[in-house]
Amino acid sequence: MKPIVCLYCEGTDTKVAVVSKEKESLKILRVASLNMTEALAASLSKSEVESGLEVQGLASDISFDSLEEVGSNVPAVVDSSDVAKLNSSLAGLPLSKLQFIPIISEPTVNFHLYEGPKDPSKKKLINNIIKDIQEVKGISVQPDSIDFIEMNEKALLSLFIEGDLPCVNVVSLLANYNRRRYYKISTIKTAELSLAYYVTKTNQFFPEDNSLIVYIGKEYSKLIFLEGQKLKHIGATLDIGTRNLHTYDVYFSKILLEMENGGINKLDNIIICGEDRSENLLLSFYGTFPEANVSELKFDIFDSELLTEEERQNLALYAIPISVAAEYFDELQHEYLGVNFLPKYIQENQKFLQFGWHSYALLPVLFAVTFFFTFRILSSYREMNELDLEIKRLSERQAQNQTLVDQITPLSQRINNFDKTQAILDSAAVGTAVWDKTLSSISDFVERRRNFWITKLDDGGNNEIKITGYSLSRSVLTEFAEYTNQSILKNINYEPLRSKTAFSYTIGFKVNEGTEEVNGK
């Protein structure tokens with residue numbers, strides 16, 4: 001469990017105890033007794049503390065407890081050295097992770113005995129107690145500033161807060177000193193009831209015993225009466241302590257007066273704690289109440305090995321904050337239910353997000369705007385996802401189409417080449433027929449005339465064939481020219497071959513497409 005810091009402020013005296021619970025053991029980590037100025041202890045008002053904690057620019061309407069630093073200046077009415085002393089006493093502890101429990105006492109807390117009907121609903125019962133306080137004492141009490149415990153079968157002891165809470169102010173100033181907006185306050189306890197609970201927890205009394213708890217402070221003292229294990233009567237806080245006490249007789253007269261007010265005829269046990277536990281005090285109580293068992297309050301259930309020897313011997317000085325720690329941890333274990341206060345303004349101050357009244361009026365607008373933008377953003381995300389899917393689909397189709405185009409392109413080229421080839425073949429087919437007929441005619445003539453040779457055939461252009469060769473007879477050349485249609489004998493040259501007469505010639509003749517007749521055929 002997280003350690004808790006219990007602070008008890010009474011006048012200029014401040015007691016501090018840091019306690020943790022480890023498994024089943026309660027361990028006291030730190031104790032301190034500080035003497036502070038009256039300004040720090042009592043004079044600060046709640047409004048002054050709150051004004052010192054405003055976050056610049058946002059004031060008290062909307063503020064965040066983040067890593068932002070708040071003003072480090074302590075309000076002018078406070079001696080900053082007092083806060084420094086308190087901070088020094090807690091040095092080395094992670095204060096932002098601890099829980100603080102301020103402890104209040106009279107006159108901050110008032111007591112009222114309620115003997116009216118006990119409604120099973122706590123809320124309705126508190127409302128009935130508030131009405132009773134208004135009728136009996138004429139005091140208006142807020143529901144967040146009141147709580148109660150059961151005194152006996154007939155009556156309830158109600159407690160309500162009035163005025164400023166000194167220890168709460170101290171916690172706020174300590175947070176401000178360390179540049180924090182607040183420290184966590186889990187609850188507020190009352191000194192008298194917590195001390196009474198601890199005494200009954202650590203001591204077993206007979207049901208008919210009347211016991212007195214005497215707490216002696218530096219400036220104030222308290223008298224708490226028990227009957228058996230239950231609270232019997234809380235005496236008025238005495239304005240006497242170790243600083244202004246001259247004789248113990250004052251205590252005895254006050255005790256006798258409170259016994260008369262509480263209907264207590266004798267004392268069986270007297271438990272002493274606080275600043276004065278001297279032998280003279282114990283002997284004085286023995287002399288005044290010889291039948292009573294007088295003893296000093298012990299703290300054996302706590303592990304105090306981290307404290308110095310002097311602190312261990314004087315644990316009774318811190319009886320109230322230590323008792324509060326014991327009560328608080330028992331409440332967490334559901335072993336006991338005591339009185340707890342946590343006023344609304346403290347709860348609001350500890351909220352991560354704080355609102356003023358006009359900020360609450362804007363909440364519907366903020367909600368509507370947030371909903372609108374969230375809806376638009378989600379819609380945009382959905383539309384973007386849809387577009388991404390469409391882009392992906394089109395990209396895949398484009399890739400498929402590109403693949404088809406890559407397959408079609410060579411086929412298209414082959415088709416185009418086929419057309420060209422076909423045209424060439426068609427043209428070649430026609431020319432082949434003409435050449436076939438021409439060559440057949442020439443072959444027939446040459447076969448009949450053994451003295452006629454062809455050495456070369458050339459294309460003369462314009463469908464003309466140029467024939468070059470040799471002949472042994474000029475008349476054969478004339479006959480060959482007449483044999484073919486449209487032939488022209490261009491030249492005849494005399495070129496003897498060895499001992500024979502020979503002629504070279506060049507004949508050109510037209511080659512017509514189709515099936516022309518050769519030599520009248």
> Among the residues of segment 88-104 satisfying the criterion of being polar (S, T, N, Q) and surrounded by fewer than 16 Cβ atoms within 10 Å (Cβ to Cβ), which is nearest to SER20 (Cα to Cα)?
Replying inline: SER96
>> Quick test for you: out of VAL31, VAL18, pick the one residue that is β-branched (Val, Ile, Thr), more than 33 Å from the chain's Cα centre (by Cα), within 26 Å of ALA326 (Cβ to Cβ) and modelled with pLDDT of 90 or more.
In response: VAL31
> When you look at VAL434, is it modelled with pLDDT under 80 and out of contact with any strand residue (DSSP E or B) (no Cβ under 9 Å at 6 or more places or on another chain), yes or no?
Replying inline: yes
> Since GLU309 meets every condition but one in (1) without any contact (Cβ under 8 Å) to a residue 60 or more places away in the chain; (2) touching a strand residue (DSSP E or B) at 6+ places or on another chain (Cβ under 8 Å); (3) under 29 Å from LEU26 (Cβ atoms), which condition does it not meet?
Replying inline: (2)
> Residue check, ASP144 against (1) over 30 Å from SER81 (Cα atoms); (2) among the charged types (D, E, K, R); (3) buried (at least 17 other Cβ atoms within 10 Å of the Cβ), all met but one. Which one?
Replying inline: (3)
> For segment 460-477, how many residues meet the condition of being touching a Leu at 6+ places or on another chain (Cβ under 7 Å), modelled with pLDDT under 80 and among the polar types (S, T, N, Q)?
Replying inline: 0
> Of the numbered conditions (1) surrounded by 18 or more Cβ atoms within 10 Å (Cβ to Cβ); (2) at pLDDT 80 or above, LEU40 satisfies every one except a single condition; which is it?
Replying inline: (2)
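The values are calculated or read from the model by the stated rules, or taken from the named source; none is laboratory data. What you see is a predicted model, and the numbers here were worked out from it, not measured in a lab. Positions of Cβ are generated from backbone atoms using ideal geometry, with glycine treated the same way; all protein chains shown enter the neighbour counts.
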